[in-house]
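Worksheet: the structure to be examined is printed underneath.
The values are calculated or read from the model by the stated rules, or taken from the named source; none is laboratory data. Computed from a prediction, not measured in an experiment: that's the story for all the values here. Cβ sites come from the backbone with ideal geometry, for glycine too, and all protein chains shown count toward neighbours. Heavy atoms of the whole protein, side chains included, go into the accessibility calculation; ligands, DNA and RNA do not. Shrake-Rupley method; radii C 1.70, N 1.55, O 1.52, S 1.80 Å.
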Amino acid sequence: MDEIEVPQYFICPISLQIMKDPVTAITGITYDRESIEHWLFRNKNTTCPVTKQPLPLDSDLTPNHTLRRLIQSWCTQNASFGIDRIPTPKPPLNKTHVQKLLKEMTDSRFQLKSLMQLELLAAENERNRKCLLENGVPKSMIMFLVDCNKKGEILEGIEEALSFLQFVKVPTEEVKNLLSENDQILDSLTWILSSEVKNSVAVKSHAVIVLKRFINKCDSILLERLKPEFFEKIVNVLKHGVLTQQGLCSALHVLLCCCPLGRNRLMMVEVGLVHELIEIELTAAHEKRITELTFGILFHLCSCANGRFQFLSHEGSIAVLTERIMKGSMTVDDRGVFILSLISKFSATKNVLDEMLKVGTVKKLFVLLQGDHAKYLKDKVMQMFKAHSEVWKNSPCFPQTS
């Protein structure tokens, strides 16, 4: 490639590579299809990258067959320089093909094959994902999972259906419509979490990622209907460590979304979530986002007496909380101080206060007080110091002035 000059009009303005499937936008500029579709559909841009003129998401991208043939011919002529020939692009996915695959999904003889083909099409490119979305395939995938739950059978194809839903993001309004039309979607996804499946880590991680997308769009009425089994199944996958890092983050996000309702917090405490969150912080590879989520949930759970009791019942709770504060995340600092404030205000026995001295909590709070932190956090720290000065006053790290 270094020994030969590539004609400039063969180069995509976005990728700066030789175009494999040149298409011309309504602005008159030609791009490689994959690059411009990524620009439009994935990045949600609405202007032409070159001219900056409006370029709506649904605007036509016309195949430039003449240019493609010129590029293919040039590549063939220069094969001796190590240039690979550009293959002729496959015809675009169309409604007829998608409807055929959806029909085959309803026939047990062809179900797995059609699910696999739909997954491959979704993984291929943005154009396919747009076509699959427009033809209602995500809804069919969700209903397939619901039917599996109703039958109580882990059918072949569940992994493919969940993988498909990773590639094709269901729009917000469609998610809301699906939730209003079928009250078994959330239960179906958590049912997968509690089932014996092949390729367990990938399948359960995909299930909880899809669950996160749906729980984000649930209204308070749906969240109020959640049952203890919902939380128990999520806690079990946390306990047994059968999730990828992305799956773990999604599971924690689901739980955090459910926290604002008091009945949900009580159910989470009852199924042992507090203990598992502390174990995650003690044993999992330290990642800032995971700690932000665990601390966010713990803050909510420590707002109730049983939650604080379970928190303090774990020998490592105060130590790991202390260790995580002031490690580069303002969110962790905020939630950590507020958890300590709840413990200090409602559960501060002599043993607890001594433990805070022993593991360095008091020292860490004093350092935070001297640092560049928000006034409301420093006020929380000062409230703790004032409330327990009699116990802590002899500590060498306790502020003797102010």
> Per the 1.4 Å probe, what fraction of the accessible area of region 1-124, in percent, lies on carbon and sulfur atoms?
Replying inline: 53 percent
> With a ≥ b ≥ c the root eigenvalues of the C-alpha gyration tensor of region 133-274, is it rounded (a/c under 1.5), prolate (a/b larger than b/c) or oblate?
Replying inline: oblate
>> Over the Cα atoms, compute the radius of gyration (one decimal) and Dmax (the largest Cα-Cα distance, rounded to a whole number) for region 209-323, in Å.
In response: 13.2, 38
>> Below 8 Å, C-alpha to C-alpha, sequence gap of six or more: please give me the relative contact order for the chain in percent.
In response: 8 percent
> With the dipole of region 1-57 worked out from charges on the C-beta (+1 for Lys and Arg, -1 for Asp and Glu) around the Cα centre, which of 16, 39, 54 lies farthest toward the positive end?
Replying inline: 54
> Among 177, 223, 202, whose Cα sits farthest toward the positive end of the charge dipole of region 154-262 (+1 at Cβ of Lys/Arg, -1 at Cβ of Asp/Glu, about the Cα centre)?
Replying inline: 202
> For the chain, with every protein chain kept in place, what is the accessible area per residue (1.4 Å probe, Å²)?
Replying inline: 51 Å²
> Leaving out same-chain residues fewer than 8 places away, which aspartates and glutamates sit with a Cα under 20 Å from that of residue 150?
Replying inline: 107, 159, 160, 181, 183, 187, 196, 229, 232
> Hey, got the dipole for region 1-157? About the Cα centre, +1 on K and R Cβ, -1 on D and E Cβ, debye to the nearest 20?
Replying inline: 540 debye
>> Let's see if you can work this out: charge +1 on each Lys and Arg Cβ, -1 on each Asp and Glu Cβ, no other charges. What is the dipole magnitude of the chain about its Cα centre, in debye to the nearest 20?
In response: 760 debye
> How long are the three semi-axes of the equivalent ellipsoid for region 140-193, computed from the Cα gyration tensor as the root of 5 times each eigenvalue, in whole Å, largest first?
Replying inline: 18, 14, 8
> Are any of the pairs 345/375; 327/363; 130/176; 151/239; 44/169; 90/169 more than 21 Å apart by Cα-Cα distance, and if so, which?
Replying inline: 151/239; 90/169
> If you plug each phi of region 54-66 into the Karplus form 6.51 cos²θ - 1.76 cosθ + 1.60 with θ = phi - 60°, what whole-Hz ³J(HN,Hα) values come out, in order, with x for Gly and Pro?
Replying inline: x, 9, x, 4, 9, 6, 6, 10, 8, x, 9, 5, 4
> Relative to the Cα centre, what is the charge dipole magnitude of region 31-121, using +1 at the beta carbon of each Lys and Arg, -1 at the beta carbon of each Asp and Glu, and rounding to the nearest 20 debye?
Replying inline: 140 debye
> For region 67-224, what class follows from the C-alpha gyration tensor (a ≥ b ≥ c being the square roots of its eigenvalues): rounded when a/c is under 1.5, otherwise prolate if a/b is larger than b/c, else oblate?
Replying inline: prolate
> Residue farthest toward the positive end of the dipole of region 252-387, with Cβ of Lys/Arg at +1 and Asp/Glu at -1: which of 253, 348, 321?
Replying inline: 348
> For region 193-234, what class follows from the C-alpha gyration tensor (a ≥ b ≥ c being the square roots of its eigenvalues): rounded when a/c is under 1.5, otherwise prolate if a/b is larger than b/c, else oblate?
Replying inline: oblate
>> Given a 1.4 angstrom probe, I'd like the percentage of the accessible area of region 238-279 that is carbon and sulfur, rounded to a whole number.
In response: 55 percent
>> How are the alpha carbon pair distances in region 4-156 distributed across 10 Å bins from zero to the largest one, expressed in percent?
In response: 10, 31, 26, 19, 10, 3, 0
>> How large is the Kirkwood hydrodynamic radius of the chain, counting all unique pairs of alpha carbons, in Å?
In response: 25.0 Å
